[in-house]
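Report on one structure; see the data block that follows.
The values are calculated or read from the model by the stated rules, or taken from the named source; none is laboratory data. For clarity, every value in this text was computed on a predicted model and none was experimentally measured. Neighbour counts are summed over all protein chains in view; Cβ atoms, including those assigned to glycine, are modelled from backbone coordinates with ideal geometry.
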């Protein structure tokens with residue numbers, strides 16, 4: 001998901017630079033993460049993992065990490081105060097130890113089977129229901145594999161439904177109905193596969209892509225934000241991008257450490273706001289580009305649900321894997337994946353005026369479950385146009401829906417603040433009392 | 001032909017050859033051989049063996065420390081001569097300390113904590129290691145551990161001013177007033193260090209503040225009466241004014257601060273309290289004038305700026321321009337300082353300034369890619385402003401993915417739930433708060449005050465109930 005949102009929004013930032021106007025000046029504001037929070041979070045993870053490792057000596061690291069996350073979520077549900085104590089490292093070690101013991105007692109599958117056992121119970125429920133469809137899966141193994149696909153697809157369609165199922169709250173009738181629809185989809189898919197082998201390998205590739213880059217459906221973030229710079233020739237542009245599911249986006253364009261322009265899309269209205277100008281609605285190609293960038297997930301995620309067609313372009317087993325994604329509106333793009341890591345290596349899109357625009361991705365780093373490309377190159381006509389570097393990332397930072405909405409302020413708003421700061425900064429540059437040296441109460 | 005050997009008398013028979021540890025002697029009549037043990041040689045040999053064994057063991061131990069583990073400063077002589085072994089312990093402690101610092105830098109916090117604890121265990125008199133360990137615990141959000149570690153150092157470094165000041169500072173910052181009083185009144189004196197005398201006004205002030213914060217205004221007044229120096233100390237004036245206030249003498253509190261301000265117009269603490277009490281007692285014009293003077297004297301002081309914004313917070317008429325001017329300069333100066341912004345965020349929440357709180361929230365996202373804690377201040381400001389449905393919406397949105405952050409301000413959740421008619425939800429949170437603050441009455445009082453400030457006296461009463 002995030003490698004693509006990053007890429008798309010960067011391209012949107014370029015577009016918006018034109019929309020909002022104003023020169024970009026090379027200046028970089030380093031993020032200053034909250035030290036004590038980082039310490040608390042690290043400590044929580046390390047303490048938990050040590051405990052779990054001692055309780056589950058045979059479990060691999062991935063299972064330990066998964067169990068730690070499950071435990072934290074479980075704690076948040078049953079006791080937010082205890083969860084907060086844990087997150088700030090204030091929980092007594094004995095208390096933590098006994099809570100872990102209770103948790104493991106409630107999850108015997110963790111102690112008996114090291115990996116991915118947490119989801120077995122709903123998985124088995126689904127697998128049992130799939131026994132009625134022997135044409136889709138004949139053996140237990142096949143049914144379990146199909147059940148995994150069902151869980152993944154359910155998460156894409158409705159995270160809350162998946163949560164209900166995982167927590168055992170989904171009724172048998174509802175599950176039966178969902179499994180029946182899924183079985184019909186599978187049959188239809190199977191029939192298509194029979195006539196078009198180029199699509200046969202796609203679901204497996206997409207599953208691998210999601211596992212490698214996004215992690216389990218229930219643990220995927222709801223929102224993300226990142227800072228970065230884009231170098232184009234001798235110009236440098238700074239930006240901050242905020243995104244929230246399913247399709248909200250807000251981009252800040254920065255110059256001299258101050259935000260000089262904001263564009264946003266709240267799922268229905270695209271808008272822009274620049275220094276010294278009131279907010280205005282965006283329309284036309286700029287709004288369309290922003291809306292396209294607002295999609296939270298990678299185009300490969302949930303392609304069937306939105307009616308897109310994905311076909312394998314490269315020969316089976318070739319490197320890299322090349323997939324052509326054709327959207328319902330006819331627009332097409334070609335995505336290439338590394339066959340070993342399943343990281344996205346490039347994305348090409350046919351431009352309106354003809355010719356392909358390509359973005360290449362490298363410098364992948366893990367941020368939790370997310371695999372993010374921190375360096376992205378934009379190529380066009382065979383030459384490198386710009387390079388974007390992500391400098392800071394955070395997920396689920398507490399983004400409210402209002403943050404993405406068309407700005408309506410009773411008094412003064414964010415861009416008014418930025419305008420005021422710009423004036424103070426300019427006065428400072430001209431020798432007047434600067435921001436750091438306010439002169440008493442004189443306004 | 002072999003002839004049978006003649007049998008000699010015993011006295012003439014040859015004695016067995018001598019050993020190094022004994023020999024045969026013949027004496028007596030008739031002379032008889034007698035074995036004589038050479039005790040001197042045996043003891044010397046045993047001693048030599050023991051000595052060699054000891055030296056070998058100690059050398060092996062030295063090799064283990066100095067060569068295998070590469071601990072610097074471990075001398076062979078210090079290992080061998082037992083009375084000097086404490087130097088080895090110190091060297092090991094220093095080594096652990098350095099390792100702990102490196103681990104902390106590398107963000108391996110758990111191992112850093114364990115190693116720092118080992119450093120203090122090996123060399124309990126190493127104050128630097130102890131202060132570092134305490135700092136680690138504070139950074140990890142475990143102030144009670146930090147205070148415990150620091151208090152453990154009193155046995156070794158009671159006379160060290162750094163330890164004394166760090167204990168007092170940590171206890172005050174982390175609101176561990178009971179620990180502070182115990183350390184000052186019992187633990188330091190047990191090691192011959194008296195800090196609560198007239199020669200240590202800072203520690204007397206700390207004791208006074210601890211009593212006040214624990215709700216013992218009468219005890220604080222008794223303490224101040226017993227120490228005439230405190231009455232004369234301008235730095236004590238804000239605390240003593242608070243004592244007066246808590247005991248219901250509101251005008252006396254203001255008068256005390258007025259006198260202190262006349263005596264020392266440059267003292268920022270006195271100025272700040274003077275403005276606050278003028279405002280509290282309804283002397284608005286005086287508060288405005290004093291706030292201006294305070295800010296003019298300290299134009300970059302965050303406390304002066306925030307106090308000004310509070311006092312001119314009506315934001316109406318002529319106040320508005322003044323307010324906006326100071327606010328903009330505050331933001332220009334402190335836009336990157338989370339601590340300063342948090343002070344303004346708290347003020348915005350308690351005053352119901354939803355616009356300011358929302359600006360700070362946006363600024364936090366822009367600056368630090370993190371909406372917390374300003375999202376909570378924003379929710380608080382909505383509650384205070386009476387926009388409870390908006391507060392409910394915000395709280396609900398945040399709770400989906402950020403329940404852990406919200407748990408630290410669950411009292412706002414209680415007000416939101418109560419205000420939106422979900423009384424049982426609110427009571428459940430209050431119940432949790434009651435349990436959580438059972439051993440921290442200071443925090444409980446603070447939360448009760450907060451409920452009153454936000455207009456939820458009924459929740460405060462619920463919290464105060466004993467179950």
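Checked against the criteria, residue A:284 counts as more than 19 Å from residue A:417 (Cβ to Cβ) and either more than 24 Å from the chain's Cα centre (by Cα) or modelled with pLDDT under 90 (or both). With a requirement of 2 or more residues that are within 14 Å of chain B (Cβ to nearest Cβ), the helices (runs of 4 or more DSSP H) lying completely within region A:150-262 that satisfy it span A:159-166. Residue pairs whose Cβ atoms lie under 6 Å apart, sitting 6 or more positions apart in sequence or on different chains, and linking a residue in region A:378-399 that is at the interface with chain B (Cβ under 9 Å from one of its Cβ atoms) to a partner that is surrounded by fewer than 19 Cβ atoms within 10 Å (Cβ to Cβ) and in a strand (DSSP E or B), are A:393/A:367.
The criterion of being assigned by TED's automatic domain parsing to the domain that holds residue A:207, farther than 19 Å from residue A:219 by Cα and buried (at least 16 other Cβ atoms within 10 Å of the Cβ) holds for residue A:137. For region A:400-417, the set of residues classified as within 9 Å of chain B (Cβ to nearest Cβ), modelled with pLDDT of 95 or more and within 29 Å of residue A:232 (Cβ to Cβ) consists of A:403 only. The lone criterion from (1) at pLDDT 90 or above; (2) surrounded by fewer than 20 Cβ atoms within 10 Å (Cβ to Cβ) left unmet by residue A:234 is number (1).
Can you pull out every residue in region B:193-218 that is over 20 Å from residue B:439 (Cβ atoms) and part of a loop (DSSP other than H, G, I, E, B)? Residues satisfying the conditions are B:193, B:194, B:195, B:196, B:197, B:198, B:199, B:200.
Go through region B:318-376 and tell me which helices (runs of 4 or more DSSP H), entirely inside it, have 1 or more residues that are crowded, with 21+ Cβ neighbours inside 10 Å, more than 10 Å from chain A (Cβ to nearest Cβ) and in contact with a helix residue (DSSP H, G or I) (Cβ under 8 Å, 6 or more places away or on another chain). Step through it out loud before you land on a result.
Working: elements: B:318-334, B:338-351, B:354-368.
Result: B:338-351, B:354-368.
Restricting region B:159-185 to residues that are within 20 Å of residue B:126 (Cα to Cα) and surrounded by 18 or more Cβ atoms within 10 Å (Cβ to Cβ) leaves a set whose member that is farthest from the other protein chains (Cβ to nearest Cβ) is B:164. Within region A:235-252, identify whether any single residue is more than 26 Å from the chain's Cα centre (by Cα), over 30 Å from residue B:401 (Cα atoms) and in the same structural domain as residue A:404 (by TED's automatic domain parsing), and answer yes or no. Among the residues of region A:235-252, at least one is more than 26 Å from the chain's Cα centre (by Cα), over 30 Å from residue B:401 (Cα atoms) and in the same structural domain as residue A:404 (by TED's automatic domain parsing), which makes the answer yes.
Within the bounds of region A:28-40, is there any residue that is at pLDDT below 75 and more than 11 Å from every other protein chain (Cβ to nearest Cβ)? Within region A:28-40, one or more residues are at pLDDT below 75 and more than 11 Å from every other protein chain (Cβ to nearest Cβ).
Residue-wise test of (1) buried (at least 17 other Cβ atoms within 10 Å of the Cβ); (2) in contact (Cβ under 8 Å) with a residue 40 or more places away in the chain.
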{"position": "B:383", "(1), (2)": "yes, yes"}
{"position": "B:409", "(1), (2)": "yes, no"}
{"position": "B:415", "(1), (2)": "yes, yes"}
{"position": "B:431", "(1), (2)": "no, no"}
{"position": "B:434", "(1), (2)": "yes, no"}
{"position": "B:438", "(1), (2)": "no, no"}
{"position": "B:446", "(1), (2)": "no, no"}
{"position": "B:454", "(1), (2)": "yes, yes"}
{"position": "B:464", "(1), (2)": "no, no"}
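For residue A:268, the criteria (1) in contact (Cβ under 8 Å) with a residue 12 or more places away in the chain; (2) within 15 Å of residue A:406 (Cβ to Cβ) hold in every case but one, which is (1).
Against the test of being under 18 Å from residue A:306 (Cα atoms) and within 21 Å of the chain's Cα centre (by Cα), the options A:223, A:158 yield a single qualifying residue, A:158.
Tell me, please, whether a residue that is free of Cβ contacts under 8 Å to residues at least 60 places away in the same chain and closer than 27 Å to residue B:305 by Cβ can be found in region B:210-224. Can you show your working first?
Initial filter on region B:210-224 (free of Cβ contacts under 8 Å to residues at least 60 places away in the same chain): B:210-212, B:216-224.
Then drop every residue that is not closer than 27 Å to residue B:305 by Cβ, which leaves B:212.
Yes, there is a match, as at least one residue in region B:210-224 is free of Cβ contacts under 8 Å to residues at least 60 places away in the same chain and closer than 27 Å to residue B:305 by Cβ.
Scanning region B:408-415 turns up no residue that is at the interface with chain A (Cβ under 9 Å from one of its Cβ atoms) and closer than 21 Å to residue A:405 by Cα. The single condition from (1) more than 7 Å from chain B (Cβ to nearest Cβ); (2) modelled with pLDDT of 95 or more that residue A:429 fails is (2).
Consider region B:305-317 and keep the residues that are under 33 Å from the mean Cα position of the chain (by Cα) and surrounded by fewer than 22 Cβ atoms within 10 Å (Cβ to Cβ). The one that is nearest to residue B:370 (Cα to Cα) is B:306. Against the test of being within 13 Å of chain B (Cβ to nearest Cβ) and either touching a strand residue (DSSP E or B) at 6+ places or on another chain (Cβ under 9 Å) or at pLDDT 80 or above (or both), the options A:86, A:75, A:48 yield a single qualifying residue, A:48. Picking from residues in region B:98-130 that are surrounded by 23 or more Cβ atoms within 10 Å (Cβ to Cβ) and under 16 Å from residue B:153 (Cα atoms), the one that is nearest to the other protein chains (Cβ to nearest Cβ) is B:116.
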